[in-house]
1. Once you have the Kirkwood Rh of chain B from its Cα pairs, apply Stokes-Einstein at 25 °C and 0.890 mPa s and quote D in µm²/s.
2. How far, in nm, would the chain grow between A:Val314 and A:Ile326 when pulled straight, counting 0.36 nm per residue and subtracting the alpha carbon separation?
3. Give me a single rounded figure for B:28-36: the average over its residues of other chain Cβ atoms within 10 Å of their Cβ.
4. What lysines sit close enough to A:Lys309 to cross-link, taking a C-alpha to C-alpha distance under 26 Å and skipping anything fewer than 8 places away on the same chain?
5. With +1 assigned to the C-beta of every Lys and Arg and -1 to the C-beta of every Asp and Glu, and no other charges, what is the dipole magnitude of the protein assembly as shown about the Cα centre in debye, to the nearest 20?
6. Evaluate the protein assembly as shown: find the radius of gyration of its Cα atoms, find its Kirkwood radius, and give the ratio Rg to Rh.
7. Counting only helical runs of four or more DSSP H residues, what would the 222 nm mean residue ellipticity of chain A come to if each run contributes -39,500 (n - 2.57) and the total is spread over all its residues?
8. From the phi angles alone, apply the Karplus equation (6.51, -1.76, 1.60; θ = phi - 60°) to the range B:167-184 and give each ³J(HN,Hα) in whole Hz, x where the residue is Gly or Pro.
Amino acid sequence: MLFNSYSFLFVFLPIALIGYQIAGTFHRKFVIAWLGFASLAFYACWRPAFLILLLSSIAMNYIAGALISRNISNPISSRFWLILAIVLNLSLLCYFKYLFPSLNFISSAVGSSRHWENVILPLGISFFTFTQIAFLVDLHQGIAKQQDISSYLLFVTFFPHLIAGPILHHKNMMPQFQQERRYKLDLSDLAVGFSWFIMGLAKKVLFADQLAKIADPIFNAQQPLSTSQTWIGALSYCLQLYFDFSGYSDMALGLARMFSINFPLNFDSPLKASSILDFWQRWHMTLSQYIMSYLYTPIQLWIRAKRIKRGYSVSRKDMSSPAVFISMVAIPMMTTMFIAGIWHGAGLQFIVFGSLHGLYMTVNHAWRILFHKRIPESPKSPFTNNLKNIFYTLLTFFCVVISQVFFRARSLSYALYMLASMFTPHRSVTVLTLVSPARSLLLILIGLIIVWFLPNTQQILSRFQPSLQESAWDSSKVPKQLLWAPNTVWGLSLGVLFFIVLFQMQDPSTFLYFQF
Amino acid sequence: MDIGKTMGEQANISKSGSKLIFYLIILLAIPGILYIPPFFVVRLPAYSKWSCAADFPLLDYAFNNPVKNADVVIFGDSTAKVGIDPSQMEAVLGEKVLDLPNNFGAVLVLNDLSLRLYMEHNKPPKLIVFYFPPWNLDYGHDDLSIDPIYDGMEMLFRHGTSREIFTFFEGHPFESIQFPWMFYKENISANLFKRENFRKEAQQVAMTNGHADYIGATLRYNSLCTIPPRLIGRIKYDWVRGLAEKYSTPETKVMVYLAPIPACRNAQAVVDRTQKVTELQPSKIMPANLFMDDKYYVHLDASGVREATEQLIEAVRPLLDNPKR
């Protein structure tokens with residue numbers, strides 16, 4: 001079921017809210033059970049058969065958790081159970097996501113005509129797999145505690161995040177599920193959450209879906225394209241992806257808030273970032289935190305341990321030496337982003353996407369560590385600083401647009417063709433009838449104005465503490481007129497927006513991150 | 001955290017309940033209030049001047065009794081609308097000929113409503129021609145999701161009786177409750193800048209008693225085309241047979257005529273299948289490049305209309321009492 005569908009808005013959501021209110025009159029455990037049940041029903045609406053897969057994954061991980069935490073007494077080391085559970089989780093993921101694309105790739109590489117049909121990718125498999133692996137790792141390290149089954153089930157399946165994140169961490173969610181508080185619909189949370197949901201829905205329906213109509217024909221074109229067409233395609237897709245995923249995240253956070261549950265932020269105006277490191281702290285933030293915690297840091301610690309063992313220096317001071325930088329920063333970063341690229345898909349273009357970002361971030365780190373500190377800072381006027389900031393933001397945006405050509409292209413060769421077209425001026429005789437340049441440019445311009453000059457949704461809602469991060473509660477930088485409040489003006493504005501969204505969303509399109 | 005408080009209260013952000021309720025009511029009231037009018041607005045006579053729905057002028061034409069007491073009435077889907085020119089037939093046959101313009105989605109929703117209303121308000125014609133492609137002979141059993149149905153629903157809410165509307169609602173509640181959202185999309189965002197094209201189309205329909213040249217796809221099929229097996233598999237005859245039986249009277253003859261199909265590589269398979277499943281004269285096969293390359297495989301380009309109409313004239317001539325020769 002899609003958030004941007006009538007059945008979700010007018011059937012599922014009201015039933016889930018009413019059930020929550022009724023269950024809340026009894027006991028916390030009824031609320032947890034109801035939300036768990038509703039989430040499973042939400043998942044089953046897509047393909048009921050895959051509910052078995054989801055439940056099997058949860059059961060397997062829950063048992064593994066019990067074995068690791070010794071809730072089920074056993075003589076085998078918890079490390080063994082952890083490794084076994086991780087292998088099983090990743091095997092499941094690999095089967096659905098990578099096995100057949102890899103076989104087809106090998107088959108075509110060796111010139112064989114054998115072709116395997118891809119299996120249907122269960123929705124959200126990456127998200128629920130990673131959420132559970134992180135929980136097991138933390139259990140093993142003693143950071144997490146084994147939970148009762150209903151809380152665990154809800155933690156994994158809670159419908160606002162089940163399909164495409166944000167990737168939740170147990171330390172954020174479990175206390176909220178187990179907290180002794182009144183579990184009933186709170187008007188304030190309902191108003192904040194529903195307003196947030198509408199803003200996210202508008203991003204998806206009014207921007208992402210419209211930009212898709214421009215980007216799709218260009219990325220799917222079979223005929224040569226002109227330089228301007230490829231730039232329009234690349235910019236449209238960059239904005240489409242932003243509005244699609246940030247819209248989804250807004251909806252997810254808004255929905256959770258309607259049930260008085262706070263999620264961590266997933267987006268913080270990433271296209272305003274002034275460096276690529278800054279970008280990754282603002283884009284898909286929960287994934288960035290995940291890969292930093294469970295990939296980058298362990299790899300870095302492992303290398304560090306090796307270096308210590310060999311008697312090499314590991315101090316921060318020595319980081320400015322190229323050799324130390326390469327082993328302590330560049331290698332972990334490139335490895336992490338390579339894996340992050342593969343996580344997004346089985347094609348070579350995803351590997352290039354991840355590696356390119358690894359390279360960007362390595363260069364960014366190198367600039368900071370190796371060069372930037374050596375340049376003495378001279379006092380600059382605010383004008384110069386602003387100018388510098390604008391330049392850095394545009395440079396970052398440019399790098400992101402280039403990388404996302406790989407992310408969207410149907411193959412590596414098509415991505416390279418697109419990039420070649422973007423940077424070698426030429427005209428095309430092809431008329432793409434679906435793309436009107438004037439309309440496309442107008443939409444791109446509006447999109448850029450929104451992402452660069454307007455506050456984001458959590459800033460607009462900042463007076464009402466949206467999300468877990470307190471950093472998002474600062475409303476001082478937002479013009480007063482743009483701060484949301486439950487008043488008539490905002491009611492009318494969002495009411496009109498909701499109305500427009502409702503009639504525009506007749507053929508609900510899936511979210512881009514559903515494929516991951 | 002204080003036990004016994006909701007999150008909103010813990011965050012000290014709760015406003016007074018009445019203020020929040022008022023806010024939520026305003027927010028929901030706008031879509032709620034705007035949801036109702038479309039059901040009534042479409043029934044207004046003046047709506048014909050405002051509507052931006054693509055096929056509104058054509059479909060509405062069929063309901064406005066444009067040619068009184070026609071001798072030959074053609075009832076079909078868009079295949080008839082774009083493929084047959086009633087004015088050419090009239091000139092050759094010397095009989096009043098009317099096509100009741102339709103499209104795929106409209107037939108799915110309306111069934112034979114326009115023909116039924118026409119028959120109620122006019123003398124029985126000498127001949128009714130049911131004109132469909134071979135794979136669209138079984139509308140009554142099709143799922144509504146296979147084609148856009150807004151045009152048909154708009155006509156139903158505009159011209160249908162409350163009983164007819166209620167019957168449709170009973171069978172298709174989910175589609176029916178979406179009607180207002182479809183109404184706004186069609187009239188506000190989807191076609192706002194295409195109205196001029198629709199007007200020209202409507203003028204042509206009025207001048208020809210029901211024919212409009214095809215607009216939409218720009219490419220044509222070529223002789224290498226293949227008619228999809230899913231279309232061939234759809235050749236079933238029940239619905240049109242039922243219609244033919246319903247309208248056949250001593251005064252009115254009926255004829256089911258299969259629209260021409262493009263000379264794709266497997267066109268003969270369509271003919272064979274038609275002969276196997278129905279007792280009808282199979283479709284004529286015309287050059288593929290006379291057909292527009294859309295997913296339907298039956299829409300003739302304007303350059304093929306004359307020939308297709310001549311074929312139909314030859315088919316109906318024996319059924320008319322005193323056709324001019």
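1. In µm²/s, the coefficient rounds to 113.
2. So the chain would gain 3.1 nm between A:Val314 and A:Ile326.
3. For this peptide, the per-residue mean of nearby foreign Cβ atoms is 5.
4. Of all the lysines, those that pass the test against A:Lys309 - Cα under 26 Å, at least 8 places apart if same chain - are A:Lys317.
5. So the dipole magnitude of the protein assembly as shown works out to roughly 3220 debye.
6. That ratio equals 1.03.
7. Mean residue ellipticity at 222 nm (helix-derived): -19500 deg cm²/dmol.
8. These are the phi-based 3J(HN,Hα) values: 4, 5, 4, 4, x, 9, x, 5, 5, 5, 6, 7, 3, x, 5, 5, 4, 5 Hz.
Values in this text are rule-based calculations from the coordinates and carry no lab data. Note that the coordinates shown come from a computational prediction; the quantities given were computed from them, not determined experimentally. Every residue, glycine as well, gets a Cβ built from its backbone with ideal geometry; the counts of neighbours run over all protein chains shown.
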